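What follows is calculated from the coordinates using simple rules that are stated; it is not laboratory data. Keep in mind the model is a prediction, meaning the values are calculated, not measured. Neighbour counts run over all protein chains shown; Cβ positions are idealised from the backbone, glycine included.
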Amino acid sequence: MVTSQTDSAAVPSVQVEGLTRTFGPVTALADLTVAMPQGVVGLVGANGAGKSTLIKILLGLLPATSGRAEVLGLDCATDGLEIRGLVGYMPESDCLPPDVSATELIVHLARMSGLPTAVARERTADTLRHVGLYEERYRPIGGYSTGMKQRVKLAQALVHDPRLVLLDEPTNGLDPAGRDEMLALIQRISTEFSIAVVVTSHLLGELERIADHVVVIESGVLQRSTSTADATGYSGVLLVEVTDRGPELAALLRAAGAQVVASGSADSFTVELADESVLDTLQAGAADLEVGLVRMQRRRHHLTEIFSDRTEGERARH
């Protein structure tokens, strides 16, 4: 069903139900059911988890063995051409021709998307300016750095003004500064241009910074689908730093039954918040020792804990 622009925000950017894809004896996706909301969705999984197979099915390039997939309310099995007109795709592989300029390539791909030549040229200039390649737009791509090539791939995914972009490992090969710039671009795509984003990455810290929602698949099976806010909510651990006499304060807390672990310097530690009485003991102990509380902060969970918890569970079963 084609969805009108007015209610498109209420429709998940991607929705799959019972999606299975096999290649002979190999099962790439197994009964996958998940909805990916608008905004930035991080798709997480190790190599071979089924991410690439899922993307090909979503683009209408690969049929599912069974089950159903929709992109922006369109059926991937029957509406592939229309989906590819509404979706931009940034591949992971280095697939750019070295002997043409960024402008030539992006104009060509914009025209292939159905834009008239004049509009394609205008959109190309705007898009290359947006990704930071305007000054370099006439240079052959073969002379570009890795970061510039990644920006060209991002530009070609955006030039036809898509409603959704699928970004496959967009920070691959980039140095820390380049990664930060690419992540900022991805955030702008979502917040300033209201384009839904599905981004794959093996760097969980990156997804924690930019993703509104995280989908974790392993061996083609859904492991978790959750908002990033829920996945990185506050833990039951308090980070404490005092001006002096940290070991003595930690000893007072231990004597009261609290679990305390040294952290970094002598005057910092973490304490388990079994109940609110720990806070009273901490504040009273600091007052008795006449030390100042530099920091008393609840620690947040990290996305890496999703995987460490799973690994520990796997080890326990074996």
Simple spin-label model, 7 Å along Cα-to-Cβ: A256 to R298 in nm? 1.8
Taking the chain as a Gaussian network, where each spring joins two C-alpha atoms under 10 Å apart, which residue of L62, L279, L109 fluctuates the most? L279
Gained length - T146 relative to E82, 0.36 nm times residue gap less alpha-carbon distance: 19.9 nm
Under the classification rounded if a/c is under 1.5, otherwise prolate if a/b is larger than b/c and oblate if not, where does the stretch 1-110 fall, given a ≥ b ≥ c as square roots of the Cα gyration tensor eigenvalues? oblate
Shape category assigned to the stretch 132-183 from the gyration tensor of Cα positions, a/c cut at 1.5: oblate
Three-way shape call for the stretch 168-219 based on the alpha-carbon gyration tensor, with the a/c threshold at 1.5: oblate
What does the highest-first list of 243-249, 177-183, 36-42, 272-278 look like by mean Cβ count within 10 Å? 36-42, 177-183, 243-249, 272-278
Is it possible to state the helix-based mean residue ellipticity at 222 nm for the chain, with each DSSP H run of 4+ residues giving -39500 (n - 2.57), the sum divided by total residues, to the nearest 500 deg cm²/dmol? What is it? -11000 deg cm²/dmol
For helix 304-317, what angle does its Cα long axis make with the longest principal axis of the chain, in degrees from 0 to 90 and rounded to 10? 80
Hey, what angle do you get for helix 246-255 against the long axis of the chain, alpha-carbon based, 0 to 90 degrees rounded to 10? 80
For every other residue with a beta carbon closer than 13 angstrom to the beta carbon of S201, add +1 if it is Lys or Arg and -1 if Asp or Glu, then tell me the sum. -2
In degrees, nearest ten, helix 117-130 long axis to first principal axis of the chain (Cα): 20
As a test, work out the antiparallel percent of DSSP beta bridges whose residues both lie in the chain, rounded to the nearest 5. 70
Here are several values of Rg/Rh (Cα atoms, Kirkwood Rh): (1) 1.06; (2) 0.96; (3) 1.09. Which one was derived from the coordinates shown? (3)
Could you tally the net charge around L105, taking each other residue with its Cβ under 15 Å from the Cβ of L105, Lys/Arg +1 and Asp/Glu -1? +4
Which net charge results for the neighbourhood of E135, defined as the other residues with beta-carbon distances under 13 angstrom from its beta-carbon, given Lys and Arg at +1 and Asp and Glu at -1? +3
Kindly state, to the nearest 0.05, the FRET efficiency for E192 paired with D99, given R0 = 51 Å and r defined as their beta-carbon distance. 0.95
